[in-house]
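Asks: Have a look at this one.
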Amino acid sequence: MPYPAPVLVCSTLALAALTGCALQAPAAAPPAAQVATSSSAPAAPASAPPEAAATPKAVASPPLQSGLSARLMYELLVGEMSFDLGDPQQGAAYLLDAARRANDEAVYQRATEMAIQSRAGPAALEAVRAWRQAFPQSLQATRFELQVLLALGRVSETATPVKTLLDALPASEKVSFIAALPALYQRVANKDEALQA
């Protein structure tokens with residue numbers, strides 16, 4: 001799949017900047033003896049125990065490695081940049097591909113949100129269904145699926161998400177969900193179909 005020139009330039013610059021930051025070593029702190037002699041402040045009082053000065057400072061542990069592969073990082077970066085540069089459908093497609101590779105619920109949610117914000121109904125439905133397939137117990141994915149189906153006017157397909165939510169929600173949330181159902185279905189164009197769902 002060819003990538004737009006601005007996306008390639010921006011992603012190359014971002015990767016170069018990230019690589020440059022990772023390769024820079026932190027500046028070494030000057031030894032305590034040099035700091036004490038080079039400053040005009042008086043030296044530490046003689047009553048300080050010598051063990052405190054001789055104790056080595058804790059060595060910083062190496063940074064934790066993320067589970068991102070280079071390709072996954074690239075897809076996430078290009079997806080977000082495409083979205084920011086005005087191509088939300090392409091951004092959502094990249095993030096959905098990245099979500100499938102990473103099997104990460106947060107990335108599925110971001111891909112779904114991008115598709116919704118781009119007003120790409122079929123892409124939003126594809127993203128939310130992929131999310132539900134990967135994480136069938138996710139209540140958030142089920143909520144998104146219900147909202148997308150209602151926005152697309154596919155009321156006949158909403159029975160399954162509603163039943164799933166009613167079965168899975170805790171009792172404290174179930175009452176408010178049932179109370180919100182009429183407002184959700186009120187926006188549907190075909191009221192008869194909404195009554196049958």
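No lab work stands behind these numbers, since they all come straight from the coordinates. Computed from a predicted model, the values in this text were never measured in an experiment. In this analysis, Cβ positions are derived from the backbone assuming ideal geometry, glycine residues included, and neighbour counts consider all displayed protein chains.
Asks: Could you give the nm distance between label points at LEU139 and ASP84, where each point is 7 Å from its Cα heading toward the beta carbon?
Replies: According to this spin-label approximation, the distance is 3.4 nm.
Asks: Moving on. For THR160 and ARG101 in the same chain, what is the full-extension length gain: residue separation times 0.36 nm, less their Cα-Cα distance, in nm?
Replies: 18.6 nm
Asks: With a sphere of radius 13 Å drawn around the Cβ of PRO122, what net charge do the other residues whose Cβ falls strictly inside it have (Lys, Arg +1; Asp, Glu -1)?
Replies: Result for the local shell: +2.
Asks: At 7 Å along the Cα-to-beta-carbon direction for both ALA60 and ARG129, put a label point, then send me their distance in nm to one decimal.
Replies: In this crude label model, ALA60 to ARG129 measures out at 4.9 nm.
Asks: So what are the radius of gyration and Dmax for the Cα set of segment 70-196, in Å?
Replies: 15.7, 51
Asks: Another question, then. Among LYS163, LYS174, which comes first, second and so on when ranked by fewest other beta-carbon atoms within 10 Å?
Replies: Least crowded to most crowded, the residues run LYS163, LYS174.
Asks: Let me check I've understood the local charge: for PHE177, count other residues with C-beta under 13 angstrom from its C-beta, Lys and Arg +1, Asp and Glu -1. What total comes out?
Replies: Once all neighbours under 13 Å are counted, the net charge is +1.
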